[in-house]
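Bear in mind that the values in this text are calculations on the coordinates, not laboratory data. Please read these numbers as outputs of a predicted model, since none were measured by experiment. Note that we place each Cβ from the backbone using ideal geometry, even for glycine, and neighbour counts take in every protein chain shown.
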Amino acid sequence: MDLTPNRLPVSPDPTFAAKRRFVSSSRDSALFPFLLAALFFPAAASEPLLIIGKGDARLRGAFGMGFLESPLDAPVDRGEILLDINLPVNVSASAQEAFGSVSDSSVATPEFLTGIAQLMNAQVKVAAPLWGGTFVFAARENAGLVVDGALGDVAFQFDTAMDAGGFIKLKGGIHMPVHTEIRWRSLSFGYAYSPVSWWRMAFQVHKHMIDARMSGDLEPDISGRIGVGDAGGTSFAVDYPPAKVHGAAKGFYSGESWSPEMGVQIGPLRYVARMGVRVRAKGHLDFNWEVPFFIDPETFAMTISEPDSFLTAENLRRLLGSETDGRNYRFRDPVELNLPTTHSLSVDFLRRRMRLAYTRVIGSVSSRAEPEPQVEHDSTDLDLAGVLNAGLWPDHVLMLSGEFSRFRFAVGAFAANLSFDDSRNILTGLFPLEIAGDPVAPILQLGLIWGDPLKISLNADIMPIPAVRAGIRYGF
């Protein structure tokens, strides 16, 4: 979601919107607040045309790494119960501090707030001795992302004189709440067996459940007057209330799938293979909106280039009648979400207090869609795939981890790259250290442990994704 003020489409150039497909421009969740921005072209204006009085955007995320735990770590000589929870952390800032002031002749941004927070998520894991080995069950919230946005006290202002005599004065305001939420949860069932002290085997299956929701509503209210002739001429009221000009977005997708995982340990050497999975999510995504007739509902560019054109008989009739034009798009095609296959090889040393591991990743964490939209109005150039075809390509993960008394750590690095729509290797060339064109990112995790058999832990994931987690582990 991008509510950065210097990206507001207030330019009168109609190619601004024509160069962008509709859904491509709507990949920012704040599409609808700015659909009418093109209405107020800045020619002949002496003060800001778009005044944002107050706005905020809140991004909340949670990433649990429990899904990446080795099945070989399950105890084989005792039972264990684990509860692990993300601790919420909040950060907020003013957009002026983050991006600088962008107030100029066409846009004024007195106040704009942004916030980032860590979602509360949890995992529960139970290991119980059974048939000479250990049965393992885990319920995890692996990842979550929630984007909430709202624009309040947003004011439009258009006041200009026309060459043929007369004037146009329009003012209005909008309120736009947007909510987008994505969740990835899993259930795991496994069994670990150790016939002798130097040999251990483990197998797990994971059920993945992914849900995505989106909702948003535009509530504008635009009114004013248009005058004909010089001073003392006739003027008419113009009104575009929310019943006339409005917009909405809503959608829901859900899917589930299974994936296997196995591991074997011989002495200090370990090998773990985690198979990839493709989750086919089904649902719908709907967009609809109505805009004033002088706004192109496809490109949101002005269709009337000169203010005097409002005085033609046809346009004046349509303006006084608050005439609008709109679109209604419905997507029903499934979306594919993919998780990669991984192969990990590690070795324990220093009496198994330290471990060096290397992981090869085959594939990407990605989403993909190739919809054929059902359209209730004439339309062109719609492409949901341009929004959903994205991928993260991690690979070559090298980790050194250790645990000494009450202190634990993990340090390492991995290579990664991004793709979006038709763009590949987006991060190539942007960082000083790369492997085969993929930038290298660091990993740093620190933690503390207290007690036995009831253990309390506090862990801080510093890089690459900051997070703070607390856990309670009881062995029996």
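Counted by Cβ distance under 15 Å from residue 441, the other residues give a net charge of -4, where Lys and Arg count +1 and Asp and Glu count -1.
The packing ranking of peptides 241-248, 423-430, highest mean first, is 241-248, 423-430, where packing means the average number of other beta carbon atoms within 10 angstrom of each residue. Each distinct pair of alpha carbons in segment 201-350 adds a 1/r term; the inverse of their mean, the Kirkwood radius, is 20.9 Å.
Please tell me which of these pairs span more than 23 angstrom C-alpha to C-alpha: 207/250; 125/207; 207/282; 250/282; 169/244? Cα-Cα > 23 Å for 207/250; rest within.
Shape verdict for segment 206-259, please, from the Cα gyration tensor: rounded (a/c under 1.5), prolate (a/b greater than b/c) or oblate. Prolate shape, in that a/c is at least 1.5 and a/b is the bigger ratio. Positive contributions from Lys and Arg (+1) and negative ones from Asp and Glu (-1), summed over other residues with Cβ under 12 Å from the Cβ of residue 274, come out at -1. Net charge of the neighbourhood of residue 343, taken over other residues with C-beta under 9 Å away and scored Lys/Arg +1, Asp/Glu -1, is +2.
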